[in-house]
Amino acid sequence: MAKALIAGELSNGAASQQTLELITAARSIGDVSVSVAFSGAPGISAPSVPADRIYVLEHDRLGESDTATFDAATDALTALAKETQPDVVLFSRSDSSSVIGPRMAARLNAAFAQDCTAIELNGDAFVVTRPVYGGNANARFKLNGSGPHVISLRPGSYEAHSAPDTTSEVIHFDPAPHIGDSRSTLLRTVQEAQEGVRLEDADVVVAGGRGLGGPEPFTQIAELANLLGGAVGASRAACDAGWIDHSSQVGLTGKSVSPRLYLSFGISGASQHMAGCSSSRNIVAVNTDPEASIFGDARFGVVGDFSKVLPALISAVRDIS
Ligand SMILES: Cc1cc2nc3c(=O)[nH]c(=O)nc-3n(C[C@H](O)[C@H](O)[C@H](O)COP(=O)(O)OP(=O)(O)OC[C@H]3O[C@@H](n4cnc5c(N)ncnc54)[C@H](O)[C@@H]3O)c2cc1C
């Protein structure tokens, strides 16, 4: 039986959506024993999840999301992996996993595969799928060696595991003896401004692109997102133009989202943009150009001017809410 260790994340005290996606990914491998590690400041309570085992790692330096935490988390998770000898360690792709994952792999003398969209076990070998060439092609990589392999999966690549929580064992693993002095010094923390639901977690994303022609229509984009209980997204062109903050950028060099509804206005659908949203359950596109490539990905499309469609949609949603 293969063993998977998941680097779990907490969101408001519960397992994050991304952690549940990793559980689905691990279960899809086949006959696998799944462990989830939750790290945090002393006193964290680890939520129950559909896994065989939960490891709880408590330490002062695991409490914050900063560079010192990344050092401590690398030390702690590496020690846990050395002790439990999983075949595969799974992270959800994020800023922190991009720092911790490769360092952990180096210390374990293991392969690190980042931003994968699928994982499978082919005989004894793990094979991962990874989008390449700006999302225009998928490459499959066989990971050599016996592992543990360290893999980060793109958020939204798997459905969140919805089985009832069945954790049978909770084990407290003391990371203190393994956490060394931090080699990083935190100079300052900049809190990303955020109102409402987080873009990556949103069930509905309303996104705008260069076709909006300026920053003003983003007020209406935000209004619609608000009415639908969603978040605002944007193309890189709109962010680069300074119409909206880069934290809203969706795509290859932005955030990956997989909402139930992705509503786009004035976005052409370049592969680098779609790399961040093509796993959305339903894409609805509004664009004046009937040849815009986003219509190839959209479930519903409106060939029309956003300045007419957007206010009409806002008013229709108001009427029914
Ligand atoms: C290495 C690399 C990484 C990249 N990463 C990203 C990324 O992460 N995210 C990203 O988005 N891009 C990324 N890009 C840029 C990407 O290639 C595109 O340039 C960008 O997505 C285009 O943004 P857009 O669709 O808003 O603009 P455009 O391509 O200019 O499209 C604007 C669209 O608006 C339509 N339109 C015009 N007027 C109206 C109107 N009144 N009503 C309705 N529709 C209208 C037009 O028909 C057009 O289709 C990357 C590029 C590179 C090279």
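The values are calculated or read from the model by the stated rules, or taken from the named source; none is laboratory data. Quantities reported herein were computed from a predicted structural model and do not represent experimental measurements. Note: ideal-geometry Cβ built from the backbone for every residue, glycine included; neighbour counts use all protein chains shown. Heads up: the accessible areas ignore ligands, DNA and RNA and are worked out on the full protein's heavy atoms, side chains in. Shrake-Rupley method; radii C 1.70, N 1.55, O 1.52, S 1.80 Å.
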Rounded to the nearest Å, what's the spacing between the alpha carbon centres of region 84-154 and region 20-44? Just the number, please.
15 Å
Using the Cα centre as the reference, give the magnitude of the dipole from point charges on the C-beta atoms of the chain (Lys, Arg: +1; Asp, Glu: -1; all else neutral), rounded to the nearest 20 debye.
640 debye
Using only alpha-carbon positions, what ratio does the radius of gyration of region 171-321 give when scaled by 2.2 N^0.38 Å?
1.24
What number in nm² do you get for region 77-230 if you take the convex hull of its Cα atoms and divide its surface by four?
14.2 nm²
Candidate lysines - alpha carbon under 29 Å from Lys3, same-chain residues fewer than 8 apart omitted:
Lys82, Lys142
Region 9-66 - Kirkwood radius from inverse mean 1/r over Cα pairs (Å):
12.1 Å
Any idea how far the Cα center of region 242-321 sits from the one of region 193-227, in Å?
10 Å
Considering only protein heavy atoms, with the full assembly of protein chains and a 1.4 angstrom probe, order His178, His149 by accessible area, largest first.
His178, His149
Restricted to Cα positions, what overall size does region 60-123 have along the principal axes? Three whole-Å values, descending.
41, 26, 17
What do you reckon, how do Ser264, Ser146 stack up by accessible area (1.4 Å probe), largest on top?
Ser146, Ser264
Let me know the Kirkwood hydrodynamic radius for region 2-178, please, with Cα pairs as the basis and the value in Å to one decimal.
16.0 Å
Residues other than Cys116 with Cβ under 13 Å of its Cβ, Lys/Arg counted +1 and Asp/Glu -1, net out at +2
Taking a probe of 1.4 Å, how large is the accessible area per residue of the chain, in Å²?
48 Å²
Sort the chain into rounded, prolate or oblate with this rule: let a ≥ b ≥ c be the square roots of the eigenvalues of the Cα gyration tensor; rounded if a/c is under 1.5, and if a/c is not under 1.5, prolate when a/b is larger than b/c, oblate otherwise.
prolate
Heavy-atom SASA rank of Arg93, Arg183, Arg103, Arg140 (probe 1.4 Å, accessible area, largest first):
Arg183, Arg140, Arg103, Arg93
Given 5 Å bins starting at zero, what is the percent of C-alpha pairs of region 101-179 in each, up to the one with the largest pair distance?
3, 12, 16, 18, 18, 18, 10, 3, 2, 0
Just tell me, in residue order, which DSSP H segments of the chain are both 20 angstrom or longer along the helix axis (alpha-carbon based) and at least -0.5 in mean Kyte-Doolittle hydropathy.
67-84, 306-320
